[in-house]
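Engineer: First the structure, then my questions, so here it is.
Since every read-out is calculated from the coordinates, none of them should be taken as a lab result. Worth saying up front: this structure is predicted, and the values here are computed from it rather than measured. For neighbour counting, all protein chains shown are included, and Cβ atoms are generated from backbone atoms with ideal geometry for every residue, glycine included.
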Amino acid sequence: MDDLHADTEALLALTLAGGATAPRRALLESHGNAASVRALPRSCWRAAGLDTMQIRALEGDPSALDPVLLARCRAWLQQPGHHLIGWQNPDYPSLLRRAGSPPLALFVAGDPALLWYPAVAVVGSRSPTAGGRDNAHRFARALVAAGFAVTSGLAAGIDRAAHEAALDGNGSTVAVLGTGPDVPYPQAHAGLLSRVAALGAVVSEHPPGTEARREHFPSRNRILAGLTLGTLVIEAASRSGALITARLAADAGREVFAVPGSIHNPMARGCHRLIRDGAALVESADEVIAALGAWAGALRGDLQRRLATPVSGPDERSNGSPTAISQDDPAYHRLWSALGHDPSDMDQLAQRSGLTAAALSSMLLVMELQGRVAVEHGRYSRR
């Protein structure tokens, strides 16, 4: 057996067990971690509502838990920068917890801290007009310049333009996939997938190796909507999948924005429909940024509760003393010692500090909000 942490092994089995999510989520909430859930007697699993196949998967029965798939997941998780973040993990994104039908776990390639960043979903047609593609690029560049992450689905058209604009602007971008985290769709986006994983984050609820299936993409859209403060539809036909993302965002209580277009452009009809239904008509990124400013501030409160550490604004920066970051926690001292003025990636910081990637992600995000750490392309340095 590959050497994974016992809790990761247990979470992997619980995730791959499939079936109804609610009983598995309830078990994690009740018992705190997946290893404790797996150690329960079979009677407790059954009382919690797990079905026979889920129970057999937890027991490691190869008829219920494909050994080839399990080996593939283990191999993927052992690669640098790969993570499995379960419902019980304090680093599970707070915004996604509040959305409808949140997944039990997320496979993440890249920086999981980005899932806590204020983000906007930028979505639209796979076959946009030249003007639509230009608008996606312009909005995405402005959003990352204002400190927002740009989240999209790695599809052709608007999605690709948004990801590339964010990366070209030295900003943060997150790709939410309807395939496994290692499977680009379309295949022509393999290079873009690698680039986003290296410089941002790639997220999927599906295990590595999962190929594209039609039914996966509408469910993918709920994660895309749930991770973000708002959804911006750049250009979409009347039956575009982007409208599903917008509806799910509205259902989750998030903002929905739409860019208007010509009445003669069929790719604008979906946006016009959204506007008629109550979406905010926007003509510039400044309007999106202004509407989401208060929401972005709320994420800072989530981090305060998550870490019980004050998150100061730019005018409250200290002279660089790690005691100002956390008065008592030695982990912050170790991280501060590991940081230098030359940028370091997550793996280097983990090696120097001895901290887990999940702990590093949370602390680095707080330190960035405090103005003590600079981040560029997934590499961190002291300010």
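Engineer: Could you quote the convex hull projected area for the chain, Cα atoms only and averaged over all directions, in nm²?
Structural biologist: Over all viewing directions, the chain projects a mean Cα-hull area of 18.7 nm².
Engineer: Right, next: Given Cβ point charges of +1 (Lys, Arg) and -1 (Asp, Glu) and nothing else, what value in debye, to the nearest 20, does the dipole of the chain about its Cα centre take?
Structural biologist: For the chain, the charge dipole is close to 660 debye.
Engineer: Non-local amide H neighbours of S172 (under 5 Å, H modeled in plane, Pro and chain starts lacking H): which ones?
Structural biologist: Result for S172 returns V150.
Engineer: On a full-extension model of 0.36 nm per residue, what is the gain between S36 and A71, subtracting their alpha-carbon distance, rounded to one decimal in nm?
Structural biologist: Taking S36 through A71 to full extension adds about 10.4 nm, to one decimal.
Engineer: Moving on. Can you put T179, T228 in order, fewest other beta carbons within 10 Å first?
Structural biologist: Ascending Cβ contact count within 10 Å gives the list T179, T228.
Engineer: Stokes-Einstein at 10 °C, 1.306 mPa s, Kirkwood radius from Cα pairs: D for the stretch 6-78 in µm² s⁻¹?
Structural biologist: Taking Rh from Cα pairs, D becomes 131 µm²/s.
Engineer: Please compute the length gained on full extension between R239 and E283, using 0.36 nm multiplied by the number of residues separating them and subtracting their Cα-Cα distance.
Structural biologist: Full-extension gain reported as 13.6 nm.
Engineer: How large is the dipole of the stretch 6-78 about the Cα centre if only Lys and Arg carry +1 and Asp and Glu carry -1, each at its Cβ, rounded to the nearest 20 debye?
Structural biologist: 40
Engineer: Could you list M53, M346, M367 in order of exposure, starting from the residue whose Cβ has the fewest other Cβ atoms within 10 Å? List each step's numbers first, then the result.
Structural biologist: Values: M53 15, M346 21, M367 25.
Arranged by neighbour count, lowest to highest, M53, M346, M367 become M53, M346, M367.
Engineer: Of the options A175, A296, S101, report the single residue whose Cα projects farthest towards the positive end of the charge dipole of the chain (beta-carbon charges: Lys, Arg +1; Asp, Glu -1).
Structural biologist: S101
Engineer: Tell me what the chain gives for mean residue ellipticity at 222 nm when only DSSP H runs of n ≥ 4 count, each as -39,500 (n - 2.57), the sum divided by the residue total, rounded to 500 deg cm²/dmol.
Structural biologist: On the way: 17 runs with 175 residues, N = 383.
It lands at -13500 deg cm²/dmol.
Engineer: Just subtract the alpha-carbon distance of H5 and W295 from 0.36 nm times their residue separation and send over the number in nm, one decimal.
Structural biologist: Values: separation 290, 0.36 × 290 = 104.40 nm, distance 3.57 nm.
Contour length minus Cα-Cα distance gives 100.8 nm.
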